[in-house]
Each structure stands twice: as C-alpha cells, then as structure tokens.
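Readers should treat all values here as calculations from the given coordinates under stated rules, not as data from a laboratory. Just so it is clear, the structure is predicted and the values come from calculations on it, not from any experiment. Quick reminder, even Gly has a Cβ in these numbers, built from the backbone with ideal geometry, and neighbours come from all protein chains shown.
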Amino acid sequence: MRTLSARILLGFAALTVMFGVIAATVVFNMRVVEDQVVLIGKGFVPLALASKDLARRQDDLRNYLEEALKDETNAMAVRKELNRIRAIRDRQLKNLRQIINSQTIAAFDNDRIRTINPRIQSLEDGANALDDSYVQILASPPIGPPDKWDEKQQAAGETLKKLQLDELKLNVKATDLSNTLDQYVSTTTHFLEKSQHSVRVWTIYLGLAVVVTGLAITILVVISLRPLRRLRDGARRIAAGDYASRIVERGPSEVADLAREFNSMGRAVEERERELVRSERLAAVGKMAAMITHEVRNPLSSIGLNTELLEDELTEVPNADEARGLCRSIHREVDRLTAITEDYLAFARLPKPKLAPEPINPIVTALADFVREDLAGKKVELATELAAEHLIGDIDAAQIRQCLINLVRNASEAVGAKGGGHVRLRTRRDGDRAAIDVEDDGIGIAPDMLPRLFDPFVSTKEGGNGLGLALTQEIVREHGGTLDVTSSLGKGTTFTLRVPFHTTHTAPKLAT
C-alpha cells in the first residue's frame, strides 16, 4: 500500500469484485426469470389455452350426445354435426399434442411438464378407443321415438349410453387438465413476481455497496494523486502544441514514469506532425507526378513504337544480336515506365504495390546487367554479392526495381562526383527480412543532412528536386519494409532496403 499503483489497483480490484458479484447475481436471477418467462409464454400459457379449448369442445360433444342428439330427426344431419364436433375436438387434442412435443417445451426439464404428457396421452387413448362406438352410432343414429327404433338403432342406443359415459369421463379429464394448467400458470407467475422482487432488492443493496466503495476509492485516488498536480502544467503545454516542452522526470516512481510517458507522447506527436507535413508534401508530389506522366505518356509510346521498328530493322542486319537485345531491354523498360505512368494517372498518387512472392537475387542480377555498361561509361564499376540462399520476398517486383534504380543512380552520381569508383549491390538475409544493400565509395552525406534525407524536396545534389528518395522510401513502406542509410563524409554511403519474406517460404540453402 506504499505505492500509488498498489492503492489504485487494490481499490479497482475491490470494485471489480463487487461488479462481478452484482453481474453474477443479476445474471443468475435473470436467467431464472427468463427461463420461467419462456416456460410461461411458450409452455404453460399455450397449453392452458389449448386445454381450455379442448375442454370446451369436449363439453360441446358431450352435450350433443346427451341433449341435442335426441331431438334430431334427420340421420344425415346427425352424421354431419357429430363428425364436425368430433373433428374440432380431435383438432384441439392434436394441437395440444403439438405444443407439448415442440422443441421449446422439450427443452425444459420440468417436473410439471413431465406430468402433463401422460394426461394428454390418456385423453388421446380415450378418444381413439371410442372410434368403433362412433362408427356404430353413425351407421344407424338412434333418433326419433325409441319405440320406433329398429334392431340396429336399438344396438346403437345401447352404445350411445356407454359413449355418453365415456365422453363424460373424457370431459372430466379435459377439465381437470385445464384447471391444472391454470394453476401452473398462476404458480409460475407468482414465482416470477418473487424472483423479480429478489433481483430488485439484491441490485439495490449491491448497487449501494458499489457506490459507497466507489466514493471511498475516489477519495483514496484523489489523495494519492496529489503529486501529479505539478505535472499538469507540463501536460497542458504539450496539449497546447508546445511539443518541445519536457516535464522534469523526478519524484515517486509512478510520477517519474508518468513524466517519462508525457515526454514520450510529446516526442511522438512531434514526429507525427513531421510525418503529416511529409505526407502532405507527398500528396503534392502525387499531383505533380500525375501531371508530368500525362505529358510523358505519348513520348513513351513513341519511344516504344520506334524501338519495335528499330528491332524489326535489325532482324535483317547480321551480327546484331546484342543490339536487338538492347532494343528488347529498352522496350521492356518503356513498358514498365508506361505501366507506372498509367498507375499515376489512374490514382493521382503512388500506386499500391501488387505483392507477390518474387525471388530477390534475379531482380538484382537483371538490374545490374541493365545498368552496368551505362555506369561503366561514367567510370563507375558495378559489382554484385548475392546471398547463398534463395531470398523470396512479398514484393511488387517492378516497384522494388524502380527503388533500386533510384538508389543505384544516386550512388553512381556520388561516385562520379569523385571522378570514379565502385558501387556494390549486396543481398542478404536479415532476420525475417530480405535485405539489399546499395553501397558506394563516393563523397558521402553530411551528418546534418541525414535526418532530412528522405523528406520531399530535400536534395544533396546541385539542381536535384529531392523527390527520388522520398518516393523510394514511400514505396518501401507500402511493402511493409524499411529503408535506412549510413554514411561517412568523404568515404561513402550505404542504403539498406529491407522487405518481408514471403510468409509460406522457407529459404533453402544452395548446394555448395
């Protein structure tokens, strides 16, 4: 209890336990109430209503057999009316059976539900047992004066007396079932009222206990957090936008930790502000790029067409395989640039990478072969060091190639500024990522330029527009990778591009 965190933790633990008790109590009682509500709404009430209808229809049938039948004079009318009343009674009995057999009722393991089923079965058995008697009566209805009955009517009359007695018994059973279900509804409703009252009382008592405990914890927290007042002004300065302001990191451990967190927050917000400015600049770059690509699309098409025509012309020239290969390389680059310009025109921003598993080494090798002769003309020697394992990355090969071209071009210009030198492309595994190093022994970058190197419109070259590295870093970030730089002024610079491995790939070792 000597630390702020222990006091607060203990108080909130007490509140949590009390809330848990309240929640458990309310949930348990509400579950009981809910079960009883469902039992009434989908069990006892439908059964009670159906049983009342059954008792009423059974009473109608009994009354007809005992009273109305003796006043009938038409055998056809007797058959029609008797069949109608029986059909209604049987339909109500069937409805009662359907309710008791429904999934909602069957889900309840309730003693009262289990006692109802045998009684319904008894009614069904009793009704079915009277079918033969009804057949005999319907065949020769005992109507009119008894002294004029024939032998069949006299036999039916005897059967009628027994049938009246049996239907009376069924009537008593149906009425008794209806009264029982009414009692079940009343009993369950009373139980619900008691349960609701119990839930209400428990909720009030426990709620009052939580309120008292909460007030006590609030007082404890207020007293314990008094040292934080001196941190308030610093926090307000940071909230007002003075991100360079820092809070003194001293005092109790919790206060010191909080001061450090405030300072971290200030640095993070300051960094986000820089990122926001950078994003706005990149958005402007995207619009500019869309305008520029709109202008260069047609020249690119012309270059591509003329390259194809030149390649066709070279097919008739002997010993021109190398020239035709260069034409095809030029045509591929024109196609790639055309695809990029189309993406810029479509989205007016840097297109999202189309990630796919791609081998890293062949991309680097193809790039080196494409630019080696051009660099040699600038007295820049290009070398490659490829990893001994197959590096497969989740990348957009065209975009990564564009990034490497930008980095190699920058490296060659840095080397060329010294009158010549070396550029090295190196691939390697770096943890769960594939790394590509672009290393040069050029003039290097001043230390004060390194933090701003990837900002738009910041360039170390005379006449540079400062867009290449900014867009390169954005492409790498869209791949989920990183782009880092280390440099020593006058000795050279190394850019390291890292991209994630393909998730399902396990890099096999090459045979040595």
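Restricting attention to the stretch 385-464, which trypsin sites (Lys or Arg not before Pro) occupy a DSSP loop and are surrounded by at most 14 other Cβ atoms within 10 Å?
Numbers: sites: R401, R409, K418, R424, R426, R428, R429, R433, R452, K461; in loops: K418, K461.
The qualifying sites are K461.
What does the charge dipole of the stretch 353-500 about its Cα centre add up to, to the nearest 20 debye, if the Cβ of each Lys and Arg holds +1 and the Cβ of each Asp and Glu holds -1?
On the way: 17 positive and 22 negative charges, 39 e Å.
Dipole of the stretch 353-500, to the nearest 20 debye: 180 debye.
Running Debye on the stretch 168-228 with equal point scatterers at the Cα sites and no solvent, what base-10 log of I(q)/I(0) appears at q = 0.18, 0.19, 0.21, 0.25 Å⁻¹?
Per q value, in the given order, log10 I(q)/I(0) is -0.77, -0.80, -0.85, -0.95.
Based only on other Cβ atoms within 10 Å, what is the fewest-to-most ordering of C327, C403?
Working: C327 20, C403 28.
If I rank by nearby Cβ atoms, fewest first, I get C327, C403.
What share of the DSSP beta bridges in the stretch 353-500 is antiparallel, in percent to the nearest 5?
Details: 27 of 33 bridges.
Around 80 percent of the beta bridges assigned by DSSP in the stretch 353-500 are antiparallel ones.
Under 14 Å from the Cβ of S329, count the other residues' Cβ atoms, weight Lys and Arg +1, Asp and Glu -1, and hand me the total.
Values: positive: R324, R328, R332, R336, R372, R401; negative: E308, E311, D321, E322, E333, D335, D369, E373, D374.
Once all neighbours under 14 Å are counted, the net charge is -3.
In whole Å, how far is the Cα centre of the stretch 386-444 from that of the stretch 145-196?
97
Quick check on the stretch 4-220: what are the equivalent-ellipsoid semi-axes from the Cα gyration tensor, as sqrt(5λ), descending, whole Å? Don't jump to the answer; show the numbers that get you there.
Details: eigenvalues 795, 34, 22 Å².
Semi-axes from the Cα gyration tensor: 63, 13, 11 Å.
Sorted from fewest to most neighbouring beta carbons within 10 Å, what does the list M30, M18 look like? Walk me through the numbers before you get to the answer.
Numbers: M30 14, M18 17.
The fewest-first ordering by Cβ neighbours comes to M30, M18.
Highest first, please rank the peptides 377-390, 86-99 by the mean number of other Cβ atoms sitting within 10 Å of their residues.
Values: 377-390: 15.1, 86-99: 17.6.
Highest mean packing first, the order is 86-99, 377-390.
Where the only charges are on Cβ atoms (+1 Lys, Arg; -1 Asp, Glu), what is the dipole of the stretch 4-220 about its Cα centre, to the nearest 20 debye?
Details: 27 positive and 26 negative charges, 167 e Å.
For the stretch 4-220, the charge dipole is close to 800 debye.
What are the ³J(HN,Hα) values, in whole Hz, obtained from phi via the Karplus relation 6.51 cos²θ - 1.76 cosθ + 1.60 with θ = phi - 60°, for each residue of the stretch 74-84 in sequence order, with x given for Gly and Pro?
10, 5, 5, 5, 4, 4, 5, 5, 5, 5, 5
Amide H to amide H under 5 Å from H422: which residues, 5+ apart in sequence or cross-chain, H placed 1.01 Å off N in plane?
Under 5 Å from the amide H of H422: E381, D441.
Among L65, L305, L168, what is the fewest-to-most ranking by other Cβ atoms within 10 Å?
Lowest to highest Cβ neighbour count: L305, L168, L65.
As I understand it, the dipole of the stretch 4-220 uses +1 on the Cβ of Lys and Arg and -1 on the Cβ of Asp and Glu, about the Cα centre. Which of M18, I99, W202 lies farthest toward its positive end?
Most positive-ward Cα: M18.
With a cut-off of 19 Å, note down the residues of the stretch 116-142 whose backbone N falls inside the zone around a label point 7 Å from the Cα of A155 toward its beta carbon.
Residues 130-142 fall inside that zone.
5 Å is the cut-off here: which amide hydrogens, built 1.01 Å from N in the peptide plane, fall below it relative to I395, excluding neighbours closer than 5 in sequence?
A356, E358
From the phi of every residue in the stretch 157-165, what ³J(HN,Hα) in whole Hz does the Karplus formula 6.51 cos²θ - 1.76 cosθ + 1.60 yield, where θ is phi - 60° and glycine or proline is x?
Ordered by residue, 3J(HN,Hα) equals x, 5, 5, 4, 4, 5, 5, 4, 5 Hz.
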